[in-house]
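**Q** Below are the structure tokens for one structure; questions will follow.
The values are calculated or read from the model by the stated rules, or taken from the named source; none is laboratory data. Since the model is a prediction, treat every value here as computed from it, not as a measurement. Don't worry about glycine lacking a Cβ; one is built from the backbone with ideal geometry, like all the others, and counts go over all protein chains shown.
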Amino acid sequence: MEPLLDEAFLARLSNLKVIAKGRRKGKLAGVHASPRVGVSVEFAEYREYAPGDDFRHIDWNVYGRLDRVLVKSFVHEADLPIYLLVDLSASMRLGASPKARYAARLAVTLAYLGLRGQDRVGLVPFTDRLLPVVLPRHGIGQMTHIVRALERMPAAGSTSIDRALSEFVSASRESGLVFLLSDFLSGAGYEEGFSRLYHRGDEVVVIQILDPDELRPTLEGDVVLADVETGRRVSLSVGSGTLALYGRRLGDHLGRLRAYLSDHRTPYILAPTDVPLEVLIHERLRAGGILQ
């Protein structure tokens, strides 16, 4: 089994950084832009002087040329809290390469990139509720806390993305960049949970992690299927017709998820566990504008 923390692999990604499309407030100097106006390295725009503006921000050269009193506005650089929400329900332990392990390795990679960019990074594992959280912190030492938490938490229990996201919004006071890693195979909904994130102003990136056998099953003949989250068992005789029906229903399920996220301008990445993590990072996350 591949380690969660592979220093050689992470070193090959050292030129990448997490991109946030929106501008938001933060607490410390970092690499993401915030709408706070003040002294900064990034000039934003000119605007007309208004009573109370700092005289030091008046551009006297412009005044001399145009006889207009204009003030320079700057974009204050601020850190961006990054939340890694990782589904650790029982369905995530399935697969020749368990989905939970793939999700954990991806979460560690994203944590590393965020921390290198001077962001605060936190881990929020969940099932149908939140599991013990690693609060967002700065510094590469945060990697140790995130890796230890992921190593200690087995994938078990049922899933409720709605409930988990609602608990997350209630428990965390600050909006940020939310990476949601899940197989999205729960029969329960997700719209209410997402709406809470959107209402608070979080930026969301969804990464759906599936086993190749879930995308292209190879079963045939008489089988008994067991739902690992509910324990329900179903006897089936699997042939080409059954597989075709499964393919249509899975396609409909994935299509609804993609359409919902597209309507809310939320990046969506499909991550089959047979896709090497380095390929996923470079070819899918970079292409999607999530990393740069």
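**Q** Taking ALA44 as meeting all but one of (1) outside the structural domain of GLU203 (by TED's automatic domain parsing); (2) at pLDDT 95 or above; (3) aliphatic (A, V, I, L, M), write down the number of the exception.
**A** For ALA44, the failing item is (2).
**Q** Still on this structure, I have one more. Considering every residue within region 101-111, establish whether at least one is in contact (Cβ under 8 Å) with a residue 12 or more places away in the chain and not in a helix (DSSP H, G or I). Before you say what the answer is, go through the steps one by one.
**A** First, pick out the residues of region 101-111 that are in contact (Cβ under 8 Å) with a residue 12 or more places away in the chain: 101-111.
Okay, now just the ones that are also not in a helix (DSSP H, G or I), so none.
Within region 101-111, not a single residue is in contact (Cβ under 8 Å) with a residue 12 or more places away in the chain and not in a helix (DSSP H, G or I).
**Q** So if I check each of ILE290, ILE269, ILE281, which one is of a type in the set (A, V, I, L, M, F, W, C), within 16 Å of the chain's Cα centre (by Cα) and outside the structural domain of ALA11 (by TED's automatic domain parsing)?
**A** One residue alone meets the criteria, ILE290.
**Q** Just to be sure I understand, how many residues within region 90-100 are part of a helix (DSSP H, G or I) and not polar (S, T, N, Q)?
**A** 5
**Q** Hey, another quick one. Could you list, in sequence order, all residues of region 228-243 that are surrounded by 10 or more Cβ atoms within 10 Å (Cβ to Cβ) and not in a strand (DSSP E or B)?
**A** Once the filter is applied, which keeps residues that are surrounded by 10 or more Cβ atoms within 10 Å (Cβ to Cβ) and not in a strand (DSSP E or B), region 228-243 yields VAL228, GLU229, THR230, GLY239, THR242, LEU243.
**Q** Could you go through region 148-157 and let me know if any residue there is part of a loop (DSSP other than H, G, I, E, B) and of a type in the set (D, E, K, R).
**A** no
**Q** Further, regarding this structure: Just to be sure, is PHE179 crowded, with 18+ Cβ neighbours inside 10 Å, in contact with a Ser or Thr (Cβ under 8 Å, 6 or more places away or on another chain), modelled with pLDDT of 95 or more and assigned by TED's automatic domain parsing to the domain that holds ASP87? Break it down stepwise before answering.
**A** Values: crowded, with 18+ Cβ neighbours inside 10 Å: yes; in contact with a Ser or Thr (Cβ under 8 Å, 6 or more places away or on another chain): no; modelled with pLDDT of 95 or more: yes; assigned by TED's automatic domain parsing to the domain that holds ASP87: yes.
Answer is no for this residue.
**Q** Among the numbered criteria (1) modelled with pLDDT under 85; (2) in a helix (DSSP H, G or I); (3) surrounded by 10 or more Cβ atoms within 10 Å (Cβ to Cβ), which one does VAL223 miss?
**A** (2)
**Q** Here are some residues: PRO212, PRO217, PRO154. Which one is within 30 Å of SER235 (Cα to Cα) and free of Cβ contacts under 8 Å to residues at least 40 places away in the same chain?
**A** On the way: PRO212 fails: free of Cβ contacts under 8 Å to residues at least 40 places away in the same chain; PRO154 fails: free of Cβ contacts under 8 Å to residues at least 40 places away in the same chain.
Every option except PRO217 fails the conditions.
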